[in-house]
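Below is one structure; the comments refer to it alone.
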Amino acid sequence: MKIAIYPGTFDPVTYGHLDILERALKLFDKVVIAIAHNSSKNPLFTEKERLELLRLATKNYENVEVGSFGGLLVDYAKKRGATTIIRGLRAISDFEYEFQMALMNRALNESVETVFLMPKEELTYLNSTIIRNIAQLHGRVSQFVPPLVAKALEQKVRSLKRPALKPLARKKKK
Ligand code: COA
């Protein structure tokens, strides 16, 4: 069985990610989507929320599993029985970073190969930061993310803007 791992932060999952996933499913028997604990990012959604959003967004695909990991990607790939890492290449600007990561992962574990897939042209300019920014400015994101993600973004933005309740002041005893 050919298993691939598709890692990322997925904060949140977009149609761009799902496009890559669909392409990977044509090539592999199973794809494990893996949310990385990434200390260099400060995600809008908690890991639990991102896992849930990914599970719901991929529930109609067969042969997809969703998980999360800390530590090295190649170690998690091995743990899940995956021999291929899937990464999306959207533009030339992705190349340098992806090239470096692919070579480093190869140096860490030679038996894990990285495969790059290109999303549909109209999705190449997407990233999760842009989506989060649009949502925070109350723009429409429904053409870029599944409806459940758009709704979750709306709720998240609303919950962040809600002022914290002040604790009730105690009456002083006379
Ligand atoms: N459609 C839309 N957006 C896409 C996309 C697509 N097809 N492909 C990538 N992106 C976006 C992501 O949304 C993300 O956007 P953001 O930065 O605005 O939030 C950005 O492109 C790139 O992020 P992502 O694909 O999530 O990768 P990452 O750089 O956050 O994480 C890991 C990379 C998790 C794979 C890497 O850090 C890792 O392997 N970590 C584990 C530790 C390890 O093994 N380190 C050694 C590796 S060399």
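Every condition in (1) at positive phi; (2) more than 8 Å from the ligand (Cβ to nearest atom); (3) touching a Lys or Arg at 6+ places or on another chain (Cβ under 7 Å) holds for PHE10 except the one numbered (2). Residues in region 118-147 that are within 23 Å of PHE28 (Cα to Cα) and buried (at least 18 other Cβ atoms within 10 Å of the Cβ): PRO119, LEU123. The residues of region 67-86 that are under 21 Å from THR14 (Cα atoms) and either in contact with a His (Cβ under 8 Å, 6 or more places away or on another chain) or without any contact (Cβ under 8 Å) to a residue 60 or more places away in the chain (or both), listed by number, are GLY67, SER68, PHE69.
This table checks each residue for (1) among the acidic types (Asp, Glu); (2) out of contact with any Lys or Arg (no Cβ under 6 Å at 6 or more places or on another chain); (3) in contact (Cβ under 8 Å) with a residue 60 or more places away in the chain.
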site: ALA4; (1), (2), (3): no, yes, yes
site: ASP29; (1), (2), (3): yes, no, no
site: PHE45; (1), (2), (3): no, yes, yes
site: ARG55; (1), (2), (3): no, yes, no
site: GLU65; (1), (2), (3): yes, yes, no
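Tell me yes or no: at least one residue of region 22-33 is within 8 Å of the ligand (Cβ to nearest atom) and at pLDDT 95 or above.
No - not one qualifying residue is present in region 22-33.
For the residues ASN42, ASN105, ASN109, the requirement of being more than 21 Å from LEU18 (Cα to Cα), within 13 Å of the ligand (Cβ to nearest atom) and in contact with a strand residue (DSSP E or B) (Cβ under 7 Å, 6 or more places away or on another chain) singles out ASN105. Scan region 9-39 for residues that are small (Gly, Ala, Ser) and touching a strand residue (DSSP E or B) at 6+ places or on another chain (Cβ under 6 Å) and report the count. Result for region 9-39: 3.
Once region 48-58 is narrowed to residues that are away from the ligand (no atom under 11 Å from the Cβ), surrounded by 17 or more Cβ atoms within 10 Å (Cβ to Cβ) and not small (Gly, Ala, Ser), the residue that is farthest from GLN136 (Cα to Cα) is THR58. Here GLU65 meets each of (1) closer than 18 Å to ALA102 by Cβ; (2) surrounded by 14 or more Cβ atoms within 10 Å (Cβ to Cβ) with one exception, condition (1).
The values are calculated or read from the model by the stated rules, or taken from the named source; none is laboratory data. Not measured: the values here are computed from a predicted model. Backbone-built Cβ (ideal geometry, glycine too); neighbour counts: all protein chains shown.
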